[in-house]
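Asker: Quick one: the structure is below, questions incoming.
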Number of protein chains: 2
Amino acid sequence: MKRLIILAMSLLWGGMYAQKQAVDYINPFIGTSNFGATHPGAIAPRGMLSISPFNVAFDTKGVEAPLEKDSRWLSNPYVNENKFFTGFTHVNMSGVGCPELGVILAMPTTGALEVEHLKYGSPYKDEVAKAGYYSTFLTKYGIKAEATARQRAGISRYHFPKGEGNLLINLGLGLTNEQGAMLKFVSPTEVEGMRMVGSFCYNSPELAYPVYFVAKVNKPAKHYGVWQHPATYEGVEAKWMTYNGKTRFKEGFMREVVGDSLGAYFRYNFDKEEVVELRVGVSYVSIANARENLEKEIGNKTFDEVYAATRTAWNEQLKAQVTGGTEDEKTVFYTALYHALIHPNLLNDHNGDYPESTTNKIGKNTKRFTVFSLWDTYRNYHQLMSLLYPEDQLGMVRTMLDIYKESGWLPKWELNSTETFTMVGDPASIVIADTYLRGLTDFDINTAYEAMLKGANTLKNNPIRPGVEEYWRLGYLSVDGGVRGPVSTTQEYNAADFAIAQIAKKLGKKADAAKFGKQSLSYHKLFDKQTKLLRPKHANGSWYAPFDPNSGANFEENVGYIEGNAWQYVFMLTHDMKGTIKLMGGEKAFEQQLDHIFNSKQYDMANEPDIAYPYLYNYLKGREWKTQQRVHSLINEYFQNKPAGLPGNDDTGVMSAWVVYGMMGLYPITPAEPIYTLTAPRFEKIVLQLDKKYYPNGQLIIESNASPENIYIKKITIDGKEHKSYFITHDELKKAHTIRFELSNIKK
Amino acid sequence: MKRLIILAMSLLWGGMYAQKQAVDYINPFIGTSNFGATHPGAIAPRGMLSISPFNVAFDTKGVEAPLEKDSRWLSNPYVNENKFFTGFTHVNMSGVGCPELGVILAMPTTGALEVEHLKYGSPYKDEVAKAGYYSTFLTKYGIKAEATARQRAGISRYHFPKGEGNLLINLGLGLTNEQGAMLKFVSPTEVEGMRMVGSFCYNSPELAYPVYFVAKVNKPAKHYGVWQHPATYEGVEAKWMTYNGKTRFKEGFMREVVGDSLGAYFRYNFDKEEVVELRVGVSYVSIANARENLEKEIGNKTFDEVYAATRTAWNEQLKAQVTGGTEDEKTVFYTALYHALIHPNLLNDHNGDYPESTTNKIGKNTKRFTVFSLWDTYRNYHQLMSLLYPEDQLGMVRTMLDIYKESGWLPKWELNSTETFTMVGDPASIVIADTYLRGLTDFDINTAYEAMLKGANTLKNNPIRPGVEEYWRLGYLSVDGGVRGPVSTTQEYNAADFAIAQIAKKLGKKADAAKFGKQSLSYHKLFDKQTKLLRPKHANGSWYAPFDPNSGANFEENVGYIEGNAWQYVFMLTHDMKGTIKLMGGEKAFEQQLDHIFNSKQYDMANEPDIAYPYLYNYLKGREWKTQQRVHSLINEYFQNKPAGLPGNDDTGVMSAWVVYGMMGLYPITPAEPIYTLTAPRFEKIVLQLDKKYYPNGQLIIESNASPENIYIKKITIDGKEHKSYFITHDELKKAHTIRFELSNIKK
């Protein structure tokens, strides 16, 4: 059987294996340890559906520091070091910091029907993960389980041994903390249903909503039905209820079953080895749409056809192609690009339907995106999208504006058309401004500007900028105002105000440009000359005391900062590096403080506020080699071809975007300023395939003589002409055909 | 406002109030105490929906012997002595012995939104209950709540005071022990959903199924939404879930919400007193059908129009009209007839759809009945239906045959197309035979006969007659065979075999007639000459010891009998009264034993096995006055115009049928034998309106000189000719125009 498949695949793909393609370097295991929170499951670019192994529910008795979903804050459906498989989940998030989705589990078993995951779960071996494909071998059952996916539908297939075999669809278990499901068999081979999800990051539980699905098996089961875990009855009647609290099996039941914890089963008795395929379509609109998504995306296509189509789609999406470097470096690079193309993902169904935000209406759009982790992504992610995937980036901006039109506010941390109000600041304004300023202007800038001003200027009941009245009045958020992380939130508002100022300037709105430009520097009021750090302050102007600059690292709660400490925030506002240099007391002091952060291990590669720090030496003439050195060593240390090969949460592609830039030799140093700063690339040749509509040259080549020793820039030439700056504007980049880095092993 | 309604009602009904009509005697409170298990809610004849006040959920702390649903075995949605209203339920059972249905609660409140029933419940006063109408005044809120109903849809209306008002639809609470619900707002005035019900009498929980509904308010609410009681999360994450275990309010949410415990709310702020109407349609097939039921049965009709139509329907259904007797006697009589017309009720939707039994298919029928409590109803209920409602009775028989075709077996205790396997015996065969032998032959007798034989002769895996192999082999079920109540179950099988013998004779199947006729007397083997009682026996023929004839009364578990003791079963098999007389040792001994049962208070008026005992004196020449005396005094003692006016569970109309017969002066003494035995009627004139298709005379008049003293029969004449027997065949009855009872105060 296996031989036939391999043969079929070879015939199908023909010469594809003749040479290793970009897609073949993708290693979905990267980020599946060390809290990277990626998963190795099958997914298509920006897919709404993914089929991930789920291995975070197990018996923790006697396990030290278990990576189990309910034993700690754990946001992954899969952790590489875990070893207990309890099913394939069909909707998942990648690289986020809170547990959510991870539902609609499909699990094959053999023998008697067992539906308790602690009992039916299996160890496994021989995992394989590629772009659009995952497989593993369940040792308890002798079953090979495989998965592949299109954007809204996927197939899993199971190689059952002879004898009793079961396929479970468990709606009781999930990464989400929500409960509630519906299941209805519509035929002996098809079940439809829904599962409640939501309350991302323990916020907005009242917005929990259903994900709908349709699941079909390709072989009629001997028995099928729904199981239900009922609540345990506590009344005196319990003594007559011999079934009290026990799982019940509704064999052959074909009306809806609703409740907190349900599952469906297909039970077989094979007289020889058999392969069963499970096709699942999902939707956030309706069961009918889930069914249409499945029909339109998969229909009668075979598993191999689906995988081939998704593999091709991934290969085509890898718009930066590299030559040179080690195999591991290529793997890190292409996998990072892959991880950057998972979120934001599509929310609209094949027919364009999507649930609008707050309106209860169904909207129509072919590119309605979701999963906007904007506090993270405004810093570098969208800049990469604007460069390599401008149509997607425009779709994201248009989605943000639609969310504004629907809900009255721009998004902050949007998930499936709900605003989860996770993290702080006003990041959407920055993303929109940045996109426009990079020449992607095909959206309604007037509405966008209106939305930005509403977020900035609404003094009361402002869900985007709480405390903004004090912010405008004092120039900072005080520790007395009740706003979380008043120092860092002040900085976030400053960053947004800088963006608004830039767009105001562009639109010729001089007064606004001046007002927001001035306000974007208001963080100066929090600068403490003693410590050369930003420091929490009272509304009356006195410093908050005692002040411990170290407090707040490693996600510790902290009076001044969100997810970070004073060291990790002080250099955040790159739009004002000249100002920061001045505050610090000149370039030398600036460099010393920056060095101190790295040398004292206060630099946190795993979180966003200090993500641009290694590039800041480029602001110090003659010290640019430190950027090259730091970036080089950070990549070596934190970005590797192994499950722990991300520094921490991928943050919906932000860490991945960071390493993509770092390996290309450029970084979009200031959000909402169309400029990149430069460092030494990692490859001999990087070809960026650009969309001619926005980048008339159609491609950009970055060349270098990179090697493990050649990590320092000697000379930069653009189309043969020396480029003396360590910065390059987006317009210069657009015009360039080839940027050549002459590297050496000697600091310049 | 009220005045206008009264005026409108007077205009509408015109002369209806000129004289008190039969319908006006119906008192739905009868049976709502003393475990009668009826409810006073609004219902149409054989309605699938009823709107009952629900008052069996309250705080029992400090309440001695509370009649609270979870504190004991309680099968009522309403108990007259309770005083805490927590809503109107929209599907209910009447007079049954197990808690089931009692769901889809509608509750009006004022002030802040409160959805916990222990907090929102209200005392009440001024209850009014009529056929098709119920109202009460909720003293906590100053709200008058009213309800009226058609067969599959109903209206409740609420007279709100000025200020904040709420209308709740609580799917978390219910009489059933099942959980699980779905709710979806489809517009600000309409919500659709489903609620799991089932596991009647703690049986077959795996067959639990949804009841679907659509609910519409006539005034758009200011706020509306769904509440959800989530499960309490026990993981370490609970500390971040500030909402853990707390009820959440999904304001304005318009997708499905699914889970164990949900509700919907409509929130108003009235600037003056306002009336809000809630229209609810239900279905056991689908939400679409529930909506169609609502549209077709109610649509835009007003509350008063709906009530008028249902009142008229009830009046027309009272096919026995009485003259004379006291007001209380008329009330007892008409209310009993009313209670006999609640179950079996319709299961099919307005469009004919109904869920088939076990097939998962949707069937079509205009008279698909459900709620067959056949262990009870085979004894007298269906005989009354055959006489007064022959088309309904035929519909019930056809339904039973359809259930056989669908599931492979005749029903035993059917509820909403599920077989609950409550009680014992093979009662459907008896009902079908009885119907056929009374001349209602318009059904497929061949299939019926096949079904009867299958139930009787299938020796293994026979869900209808467990132990039947031993029964045929030994003539009785032994205490060793594992069948519950082996003595009484033997008797039940004998009763069924008598019925099969009768129908076999009718169909000319002589061998079957002989075989089943002989077997129908096999209970003789359990007759113990010492005690003159039936006694449990071992398979080896020895008596089970020790034997306590008194054990088993009051539903006590007992080795030989189901719901009864030896006294209450010994005379059950009326098809063999001659045999019983012989076993007892002659008429004198028979009379002594029967007298002993009554005198020692072993006679149980509240349960079925001994329900015919008072009529058995008619088998003893010269002792018929004892029947007249016993029936008279039992009616006086147990059947009264008050909430406790039924002896116990109405048993889906069986107790009511008993008193209807008793007051008419005749009783269908032997199931499957078309014969009645006679006693003194209670009224001067009883006019039975008969269906000319089956009863060519079209009516039968029963006349008498009944009075509180004239309780003994002096002479019976039929159409002027003296009738010397205390029995009358169904054929004689059919031919008769007038039966006249000459009564006296002297025993004959």
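The values are calculated or read from the model by the stated rules, or taken from the named source; none is laboratory data. Not measured: the values here are computed from a predicted model. For neighbour counting, all protein chains shown are included, and Cβ atoms are generated from backbone atoms with ideal geometry for every residue, glycine included.
Asker: I'd like to verify a number: residues in segment B:547-568 that are closer than 15 Å to B:ARG484 by Cα, outside any loop (DSSP other than H, G, I, E, B) and touching a helix residue (DSSP H, G or I) at 6+ places or on another chain (Cβ under 9 Å), how many?
Answerer: 1
Asker: Could I ask something else about it? What number goes with the only condition from (1) facing chain A (nearest Cβ under 9 Å); (2) out of contact with any helix residue (DSSP H, G or I) (no Cβ under 8 Å at 6 or more places or on another chain); (3) part of a loop (DSSP other than H, G, I, E, B) that B:ASN300 does not pass?
Answerer: That leaves (1) as the condition not met.
Asker: Condition first: among the hydrophobic types (A, V, I, L, M, F, W, C), more than 17 Å from A:ILE597 (Cα to Cα) and in contact with a helix residue (DSSP H, G or I) (Cβ under 8 Å, 6 or more places away or on another chain). Now tell me which residues in segment A:528-546 satisfy that. Break it down into steps so the answer makes sense when it comes.
Answerer: Of the residues in segment A:528-546, the ones among the hydrophobic types (A, V, I, L, M, F, W, C) are A:533-534, A:539, A:543, A:545.
Subsequent filtering for residues that are more than 17 Å from A:ILE597 (Cα to Cα) retains A:539, A:543, A:545.
Matches in segment A:528-546: A:ALA539 only.
Asker: Can you find a residue that is modelled with pLDDT of 95 or more, farther than 30 Å from B:ALA231 by Cβ and either surrounded by 21 or more Cβ atoms within 10 Å (Cβ to Cβ) or more than 9 Å from chain B (Cβ to nearest Cβ) (or both) anywhere in segment A:165-176?
Answerer: Initial filter on segment A:165-176 (modelled with pLDDT of 95 or more): A:165-176.
Now narrow it down to the ones that are farther than 30 Å from B:ALA231 by Cβ: A:165.
Narrowing further to those that are either surrounded by 21 or more Cβ atoms within 10 Å (Cβ to Cβ) or more than 9 Å from chain B (Cβ to nearest Cβ) (or both): A:165.
The answer is yes; a qualifying residue exists.
Asker: For segment B:72-84, check the following and say yes or no: at least one residue is closer than 26 Å to B:LEU207 by Cα, assigned to a loop (DSSP other than H, G, I, E, B), of a type in the set (Gly, Ala, Ser) and touching a helix residue (DSSP H, G or I) at 6+ places or on another chain (Cβ under 8 Å). So that I can check it myself, show each step before the final result.
Answerer: Taking segment B:72-84 and keeping what is closer than 26 Å to B:LEU207 by Cα, we get B:72-78.
Then drop every residue that is not assigned to a loop (DSSP other than H, G, I, E, B), which leaves B:72-78.
The next check asks that each one be of a type in the set (Gly, Ala, Ser); those that pass are B:75.
Then keep just the ones that are touching a helix residue (DSSP H, G or I) at 6+ places or on another chain (Cβ under 8 Å); that gives none.
There is no residue in segment B:72-84 that is closer than 26 Å to B:LEU207 by Cα, assigned to a loop (DSSP other than H, G, I, E, B), of a type in the set (Gly, Ala, Ser) and touching a helix residue (DSSP H, G or I) at 6+ places or on another chain (Cβ under 8 Å).
A quick yes/no check of all residues on (1) under 26 Å from B:LEU346 (Cβ atoms); (2) facing chain A (nearest Cβ under 8 Å); (3) acidic (Asp, Glu); (4) touching a residue at least 12 places away in the same chain (Cβ under 8 Å):
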{"position": "B:VAL197", "(1), (2), (3), (4)": "yes, no, no, yes"}
{"position": "B:TYR209", "(1), (2), (3), (4)": "yes, yes, no, yes"}
{"position": "B:TRP240", "(1), (2), (3), (4)": "no, yes, no, no"}
{"position": "B:GLY252", "(1), (2), (3), (4)": "no, yes, no, yes"}
{"position": "B:GLU274", "(1), (2), (3), (4)": "no, no, yes, yes"}
{"position": "B:VAL280", "(1), (2), (3), (4)": "yes, no, no, yes"}
{"position": "B:TYR284", "(1), (2), (3), (4)": "yes, no, no, yes"}
{"position": "B:ILE287", "(1), (2), (3), (4)": "yes, no, no, yes"}
{"position": "B:ASP304", "(1), (2), (3), (4)": "yes, no, yes, yes"}
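Asker: Going through segment A:537-580 one residue at a time, which ones are more than 15 Å from A:LYS525 (Cβ to Cβ), among the small types (Gly, Ala, Ser) and surrounded by fewer than 20 Cβ atoms within 10 Å (Cβ to Cβ)?
Answerer: A:ALA545, A:SER551, A:ALA553
Asker: Of everything in segment B:613-656 that's among the β-branched types (Val, Ile, Thr) and assigned to a helix (DSSP H, G or I), which residue is surrounded by the most Cβ atoms within 10 Å (Cβ to Cβ)? Before you say what the answer is, go through the steps one by one.
Answerer: Initial filter on segment B:613-656 (among the β-branched types (Val, Ile, Thr)): B:627, B:631, B:635, B:652, B:654.
After this cut, where a residue has to be assigned to a helix (DSSP H, G or I) as well, the list is B:627, B:631, B:635, B:654.
Values: B:THR627: 24, B:VAL631: 24, B:ILE635: 21, B:VAL654: 26.
Per the criteria, the residue is B:VAL654.
Asker: Moving on. Which residues, counting only those in segment B:211-237, are closer than 30 Å to B:ASN166 by Cβ, facing chain A (nearest Cβ under 9 Å) and either part of a loop (DSSP other than H, G, I, E, B) or free of Cβ contacts under 8 Å to residues at least 24 places away in the same chain (or both)?
Answerer: B:PRO230, B:ALA231, B:TYR233
Asker: Sticking with this structure for a sec: Out of B:LEU101, B:LEU74, B:LEU105, B:LEU67, report the one residue that is buried (at least 20 other Cβ atoms within 10 Å of the Cβ) and modelled with pLDDT under 95. I'd like the intermediate steps shown before the answer.
Answerer: Working: B:LEU101 fails: modelled with pLDDT under 95; B:LEU105 fails: modelled with pLDDT under 95; B:LEU67 fails: modelled with pLDDT under 95.
Just a single option satisfies the conditions, and that option is B:LEU74.
Asker: Those residues that are more than 15 Å from A:LEU49 (Cβ to Cβ), away from every other protein chain (no Cβ under 12 Å) and either in a loop (DSSP other than H, G, I, E, B) or touching a Ser or Thr at 6+ places or on another chain (Cβ under 6 Å) (or both), I need them from segment A:348-367; list them, please.
Answerer: Taking segment A:348-367 and keeping what is more than 15 Å from A:LEU49 (Cβ to Cβ), we get A:351-353, A:355-367.
With away from every other protein chain (no Cβ under 12 Å) added as a condition, the list becomes A:351-353, A:357, A:363-367.
Those that are more than 15 Å from A:LEU49 (Cβ to Cβ), away from every other protein chain (no Cβ under 12 Å) and either in a loop (DSSP other than H, G, I, E, B) or touching a Ser or Thr at 6+ places or on another chain (Cβ under 6 Å) (or both): A:ASN351, A:GLY352, A:SER357, A:ASN365, A:THR366, A:LYS367.
Asker: Quick test of your reading of the structure: B:ILE597 fulfils all but one of (1) outside any loop (DSSP other than H, G, I, E, B); (2) buried (at least 24 other Cβ atoms within 10 Å of the Cβ); (3) of a type in the set (A, V, I, L, M, F, W, C). Name the failing condition by number.
Answerer: For B:ILE597, the failing item is (2).
Asker: Separate question: Across segment B:126-143, what is the total count of residues that are under 17 Å from B:THR110 (Cβ atoms) and surrounded by 20 or more Cβ atoms within 10 Å (Cβ to Cβ)?
Answerer: From segment B:126-143, those under 17 Å from B:THR110 (Cβ atoms) are B:136-143; that's our starting set.
When the remaining residues are screened for being surrounded by 20 or more Cβ atoms within 10 Å (Cβ to Cβ), the result is B:136, B:138, B:141, B:143.
Within segment B:126-143, residues that are under 17 Å from B:THR110 (Cβ atoms) and surrounded by 20 or more Cβ atoms within 10 Å (Cβ to Cβ) number 4.
Asker: Kindly state which helices (runs of 4 or more DSSP H) lie completely within segment A:429-525 and contain at least 3 residues that are polar (S, T, N, Q) and touching a residue at least 12 places away in the same chain (Cβ under 8 Å). If you could, list the steps in order and put the result at the bottom.
Answerer: Working: elements: A:445-457, A:468-474, A:486-506, A:510-519.
Answer list for segment A:429-525: A:486-506.
Asker: Could I ask something else about it? All but one of (1) touching an Asp or Glu at 6+ places or on another chain (Cβ under 9 Å); (2) within 22 Å of A:GLU251 (Cβ to Cβ) hold for B:ASN416, so report the exception by its number.
Answerer: Condition not satisfied by B:ASN416: (1).
Asker: Within segment B:403-424, can one find any residue that is under 26 Å from the mean Cα position of the chain (by Cα), more than 30 Å from B:ALA320 (Cβ to Cβ) and aliphatic (A, V, I, L, M)?
Answerer: yes
Asker: Let me ask something else. Looking at segment A:125-140, is at least one residue on the phi > 0 side of the Ramachandran plot, more than 14 Å from chain B (Cβ to nearest Cβ) and free of Cβ contacts under 8 Å to residues at least 40 places away in the same chain? Give the steps one after another, and end with the answer.
Answerer: Taking segment A:125-140 and keeping what is on the phi > 0 side of the Ramachandran plot, we get A:126, A:132.
Cutting the leftovers down to more than 14 Å from chain B (Cβ to nearest Cβ) gives us A:126, A:132.
Those left that are additionally free of Cβ contacts under 8 Å to residues at least 40 places away in the same chain: A:126.
Within segment A:125-140, one or more residues are on the phi > 0 side of the Ramachandran plot, more than 14 Å from chain B (Cβ to nearest Cβ) and free of Cβ contacts under 8 Å to residues at least 40 places away in the same chain.
Asker: Hey, can you tell me all the residues within segment B:85-109 that are under 18 Å from the mean Cα position of the chain (by Cα) and either part of a loop (DSSP other than H, G, I, E, B) or of a type in the set (D, E, K, R) (or both)? Please lay out each step first, then the result.
Answerer: Start the filter on segment B:85-109 by keeping residues that are under 18 Å from the mean Cα position of the chain (by Cα), which leaves B:89-103.
Once the filter is applied, which keeps residues that are under 18 Å from the mean Cα position of the chain (by Cα) and either part of a loop (DSSP other than H, G, I, E, B) or of a type in the set (D, E, K, R) (or both), segment B:85-109 yields B:HIS90, B:ASN92, B:MET93, B:SER94, B:GLY95, B:VAL96, B:GLY97, B:CYS98, B:PRO99, B:GLU100, B:LEU101, B:GLY102.
Asker: For A:PHE54, state whether it is over 22 Å from A:GLY653 (Cα atoms), in contact (Cβ under 8 Å) with a residue 24 or more places away in the chain and out of contact with any Cys (no Cβ under 6 Å at 6 or more places or on another chain).
Answerer: On the way: over 22 Å from A:GLY653 (Cα atoms): no; in contact (Cβ under 8 Å) with a residue 24 or more places away in the chain: yes; out of contact with any Cys (no Cβ under 6 Å at 6 or more places or on another chain): yes.
No: the conditions fail for A:PHE54.
Asker: Could you go through segment A:262-270 and let me know if any residue there is within 9 Å of chain B (Cβ to nearest Cβ) and either outside any strand (DSSP E or B) or within 27 Å of B:CYS98 (Cα to Cα) (or both).
Answerer: The first filter runs over segment A:262-270 and keeps only residues within 9 Å of chain B (Cβ to nearest Cβ), leaving A:262.
This time we only want the ones that are either outside any strand (DSSP E or B) or within 27 Å of B:CYS98 (Cα to Cα) (or both), so: A:262.
Among the residues of segment A:262-270, at least one is within 9 Å of chain B (Cβ to nearest Cβ) and either outside any strand (DSSP E or B) or within 27 Å of B:CYS98 (Cα to Cα) (or both), which makes the answer yes.
Asker: Mind telling me which of the residues A:ALA22, A:ALA57, A:ALA44, A:ALA37 ends up being within 14 Å of chain B (Cβ to nearest Cβ) and at pLDDT 95 or above?
Answerer: Working: A:ALA22 fails: within 14 Å of chain B (Cβ to nearest Cβ); A:ALA44 fails: within 14 Å of chain B (Cβ to nearest Cβ); A:ALA37 fails: within 14 Å of chain B (Cβ to nearest Cβ).
Being within 14 Å of chain B (Cβ to nearest Cβ) and at pLDDT 95 or above holds for just one of A:ALA22, A:ALA57, A:ALA44, A:ALA37, which is A:ALA57.
Asker: Related question: Taking A:THR366, is it polar (S, T, N, Q), farther than 24 Å from A:TYR615 by Cα and touching a strand residue (DSSP E or B) at 6+ places or on another chain (Cβ under 6 Å)? Steps first, please.
Answerer: Working: polar (S, T, N, Q): yes; farther than 24 Å from A:TYR615 by Cα: yes; touching a strand residue (DSSP E or B) at 6+ places or on another chain (Cβ under 6 Å): no.
When the stated conditions are applied, A:THR366 does not pass them.
Asker: Over 31 Å from the mean Cα position of the chain (by Cα) and without any contact (Cβ under 8 Å) to a residue 24 or more places away in the chain: does that describe A:ALA545? Please lay out each step first, then the result.
Answerer: Working: over 31 Å from the mean Cα position of the chain (by Cα): yes; without any contact (Cβ under 8 Å) to a residue 24 or more places away in the chain: yes.
So A:ALA545 passes the test.
Asker: Here's a follow-up. Looking only at segment B:178-195, how many residues end up being surrounded by fewer than 21 Cβ atoms within 10 Å (Cβ to Cβ) and within 8 Å of chain A (Cβ to nearest Cβ)? Explain how you work it out, then say what you get.
Answerer: Taking segment B:178-195 as the starting set, the residues that turn out to be surrounded by fewer than 21 Cβ atoms within 10 Å (Cβ to Cβ) are B:184, B:186-190.
If we keep only those that are within 8 Å of chain A (Cβ to nearest Cβ) too, we end up with none.
Looking only at that region, the number is 0.
Asker: On the basis of being within 39 Å of the chain's Cα centre (by Cα), more than 7 Å from every other protein chain (Cβ to nearest Cβ) and not charged (D, E, K, R), does A:VAL258 make the cut?
Answerer: For A:VAL258, the condition - within 39 Å of the chain's Cα centre (by Cα), more than 7 Å from every other protein chain (Cβ to nearest Cβ) and not charged (D, E, K, R) - is not met.
Asker: Yes or no: B:ALA308 free of Cβ contacts under 8 Å to residues at least 12 places away in the same chain and more than 23 Å from the chain's Cα centre (by Cα)? Reasoning before the result, please.
Answerer: Details: free of Cβ contacts under 8 Å to residues at least 12 places away in the same chain: no; more than 23 Å from the chain's Cα centre (by Cα): yes.
So B:ALA308 fails the test.
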